[in-house]
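Novice: I'd like to ask you about the structure that follows.
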Amino acid sequence: MGAWGNGSFENDDAADFISDLIDVTDLGLVRDALAAVLAADDYLEAPDACQALVAAEVVAAAAGRPTAAAQEDEELSEWLARIEPVVSPDLIKQAIQALDRIVGEQSELRELWEEVDEVEAWKATVAGLKAKLQG
């Protein structure tokens with residue numbers, strides 16, 4: 001995994017997701033990323049989890065409750081200001097469910113953080129994002 005920190009935006013998959021997101025004018029990629037995690041029957045692959053974390057960050061920011069990390073991402077801030085997406089309560093619920101799946105059992109991303117003994121710091125970051133989504 002090309003990670004340089006435990007934050008939602010601090011890995012290669014997240015950077016790729018933001019790069020793709022700023023080229024579109026709706027939340028389609030966000031919905032797709034969350035749906036991919038929620039549709040995973042067994043083992044959740046790390047790239048899907050990383051993209052869904054960023055998608056959840058986008059949902060929180062679009063709902064007016066951005067994390068500090070989302071506020072620091074200039075590309076995301078500019079995209080949100082330009083697109084002004086509206087998030088439904090259902091999309092917020094999906095983002096929360098995706099976060100629960102990402103930190104749960106059968107998640108490669110969780111296993112990767114466990115391998116480097118940083119799982120608690122990573123889980124705290126995800127919990128902070130979940131708190132933002134819950135309002």
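The values are calculated or read from the model by the stated rules, or taken from the named source; none is laboratory data. Nothing here was measured: the structure is a model prediction, and the numbers come from that model. Here the Cβ positions follow ideal geometry from the backbone for every residue, glycine too, while neighbour counts run over all protein chains shown.
Novice: Just to verify a result, which residue in the stretch 34-51, among those that are in contact (Cβ under 8 Å) with a residue 40 or more places away in the chain and in a helix (DSSP H, G or I), is farthest from P89 (Cα to Cα)?
Specialist: Step one: of the stretch 34-51, the residues in contact (Cβ under 8 Å) with a residue 40 or more places away in the chain are 34-35, 37-38, 40, 42-46, 49-50.
Applying the additional criterion that residues be in a helix (DSSP H, G or I) yields 34-35, 37-38, 46, 49-50.
Values: L34: 14, A35: 15, V37: 18, L38: 16, A46: 26, A49: 21, C50: 22 Å.
My answer is A46.
Novice: Here are some residues: V54, V86, V58. Which one is out of contact with any Gly (no Cβ under 7 Å at 6 or more places or on another chain) and touching a residue at least 40 places away in the same chain (Cβ under 8 Å)?
Specialist: The match here is V54.
Novice: In addition: Tell me whether the stretch 28-35 contains one or more residues that are out of contact with any helix residue (DSSP H, G or I) (no Cβ under 9 Å at 6 or more places or on another chain) and at pLDDT 95 or above.
Specialist: Going residue by residue through the stretch 28-35, those that are out of contact with any helix residue (DSSP H, G or I) (no Cβ under 9 Å at 6 or more places or on another chain) are 28.
Then drop every residue that is not at pLDDT 95 or above, which leaves 28.
Taking every residue of the stretch 28-35 in turn, at least one turns out to be out of contact with any helix residue (DSSP H, G or I) (no Cβ under 9 Å at 6 or more places or on another chain) and at pLDDT 95 or above.
Novice: If you don't mind, another one. Please indicate, with yes or no, whether at least one residue in the stretch 58-67 is aliphatic (A, V, I, L, M), touching an Asp or Glu at 6+ places or on another chain (Cβ under 8 Å) and within 17 Å of S8 (Cβ to Cβ). Don't jump to the end; show me each part of the working.
Specialist: First, the residues of the stretch 58-67 that are aliphatic (A, V, I, L, M): 58-63.
After this cut, where a residue has to be touching an Asp or Glu at 6+ places or on another chain (Cβ under 8 Å) as well, the list is none.
No, that holds for no residue.
Novice: Please work out if A63 is hydrophobic (A, V, I, L, M, F, W, C), surrounded by 20 or more Cβ atoms within 10 Å (Cβ to Cβ), under 21 Å from A127 (Cβ atoms) and at pLDDT 95 or above.
Specialist: Working: hydrophobic (A, V, I, L, M, F, W, C): yes; surrounded by 20 or more Cβ atoms within 10 Å (Cβ to Cβ): no; under 21 Å from A127 (Cβ atoms): yes; at pLDDT 95 or above: yes.
No; evaluated as a whole, the condition is false for this residue.
Novice: Identify the single condition in (1) touching a Leu at 6+ places or on another chain (Cβ under 8 Å); (2) modelled with pLDDT of 95 or more; (3) farther than 14 Å from L129 by Cα that M1 does not satisfy, given that it satisfies every other one.
Specialist: Unmet condition: (2).
Novice: Would you pick out the residues in the stretch 97-107 that are crowded, with 17+ Cβ neighbours inside 10 Å and part of a helix (DSSP H, G or I)?
Specialist: Narrowing the stretch 97-107 to residues crowded, with 17+ Cβ neighbours inside 10 Å: 98-99, 101-103, 107.
If the condition is that a residue be crowded, with 17+ Cβ neighbours inside 10 Å and part of a helix (DSSP H, G or I), then A98, L99, R101, I102, V103 are the ones that fit.
Novice: Still on this structure: Taking the stretch 1-24 only, how many residues are assigned to a loop (DSSP other than H, G, I, E, B) and either among the charged types (D, E, K, R) or touching a helix residue (DSSP H, G or I) at 6+ places or on another chain (Cβ under 6 Å) (or both)?
Specialist: Applying the first criterion (assigned to a loop (DSSP other than H, G, I, E, B)) to the stretch 1-24 yields 1-2, 4-10, 22-24.
Adding the requirement that they be either among the charged types (D, E, K, R) or touching a helix residue (DSSP H, G or I) at 6+ places or on another chain (Cβ under 6 Å) (or both) leaves 1-2, 6-10, 22-23.
Residues that pass the stated criteria total 9.
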